[in-house]
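Here the structure is laid out as structure tokens; the discussion comes afterwards.
The values are calculated or read from the model by the stated rules, or taken from the named source; none is laboratory data. Not measured: the values here are computed from a predicted model. Cβ coordinates were reconstructed from backbone atoms using ideal geometry, including for glycine residues, and neighbour counts include every protein chain displayed. Side chains included, ligands, DNA and RNA excluded: accessible areas come from the protein's heavy atoms. Shrake-Rupley method; radii C 1.70, N 1.55, O 1.52, S 1.80 Å.
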Amino acid sequence: MEEKRMGHRQLEQLLLRAREGDEQAFAQLYRATCRAQWVQARALLGSDALAEEAVQESYLSLFRHMGELGNPRALVAYLNRSTYFACQNLRRVEARRAATGEELLDALPDGDPRTLPEAVADQRGRTAALLAALDKLPQRQRQAVVLRYFQRQTLPQIAAVLGCSEMTVKRELDRAKKALRGNLSGWLPAVLPLGIALRRAGEQPAPWQLGEVPLPVAGVAAGLVLAVTAGIALLPTPQILETAVWQAGGRAGVTARVAGAETAWLEDGDGNRYALERGEDGFSLLPVKNGSYTLQAEGGNGRRVQTAVSVAGADEEPPALAEAYGQAGLVTVRLTDPAGVDWERSFLLGADGALYRPLEAEGERARFDLPSGSYTLVAQDLLGNRGEGELTVSQ
């Protein structure tokens, strides 16, 4: 029995019930939305097995973070992003496996008894044909097609995700559509625009979907995420055992020992987050600017703990001019700074706008070839603190 397609308001109600611990609501939400997510993942990864893995990761992420969705009606957008990034992560894992000689999952035959034969209903056959055609596209074109037609993102949004210009996105989409039309000549009616066909593919059941499998298998599929999430819900709440602020070379750092945490970060008063790196002895971050922060840690079950952290003692001052003197026709400038002077980014500007860089520099001192006159000294330390001052040279 196929799950009836739901609107955003119905999905929002299911999510709100799932937040309150209603497992049946989460299962129903899963059944109502997983088809579109699987088709997107299958289009990006070219493998049924990897697509199912990406979908599981996406819904596991939803379970962990559903309490953080400020607008429950943004559920589908959250799933789209989560599935996309899960696919990118799996693609990188498969690339590493290939580099180390391990067997790729998508090189293995599916051998899935639930897969429908070739002689299926026309809509399902068209979906399968579209997925097969997408497999033949270069990775970037597949990404652009999924973001544009399955997730319905705008050209600027796609350009931001792919790290390219809007013109490049448009070019990749045009090439992809041309290739798809050539590969779908037997499946795509001339009167059906390709964009509509792609959107419909994202809405139609894929071969393994819940409506096609026996009820016991459907129960396993729908309960898979629930079984995993029930296990992680039993994990203990993280505990912050110790925090420390320290200084080295003018820099301030933060370390934290946290039991039962997978990630940790600092958050400032403006809501900016700074992720701490995980090491053998705990989490750490260097450098950290002076200020008041909230240290937050999250466990594998999504539970969080936090504590206040105040950072002081970090060098935030630019280098100071200690002395300047002429010698052998050159001017020696000495600057002092606890973090060290970055002479590559320090220079003098003449009144006429001429720029003078050091002829040679070592430690606190640098030598310049300067005519007499007034200059603006621009000095920067190795932490990026920059300042300006006036310097007069008389020879």
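One table, with the values for the structure above:
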item	result
For the stretch 135-142, Karplus couplings with θ = phi - 60° (6.51, -1.76, 1.60), whole Hz, Gly/Pro x	4, 7, 7, x, 3, 5, 5, 4
Calculated P(r) of the stretch 307-395 - Cα pairs past 20 Å, %	34
Calculated from backbone phi, Karplus (6.51, -1.76, 1.60) coupling profile of the stretch 78-85 in Hz, x at Gly/Pro	4, 4, 4, 5, 4, 5, 4, 6
Qualifying GluC sites (Glu not before Pro) for the stretch 1-61 [loop in DSSP, other Cβ within 10 Å: at most 10]	20
Sequence of 85, 283 from largest to smallest accessible area, 1.4 Å probe	85, 283
Debye-sum result for the stretch 301-350 in log10 I(q)/I(0), which assumes one identical scatterer on each alpha carbon, at q = 0.13, 0.31, 0.32 Å⁻¹	-0.53, -1.27, -1.28
Residue-normalised accessible area of the stretch 294-347, expressed per residue, 1.4 Å probe, Å²	46
For residue 334, solvent-accessible area (1.4 Å; no DNA, RNA or ligand), Å²	50
Local net charge near residue 361, Cβ-Cβ under 12 Å (Lys/Arg +1, Asp/Glu -1)	0
The stretch 335-395: relative contact order in percent, alpha carbon pairs under 8 Å with at least 6 residues between	34
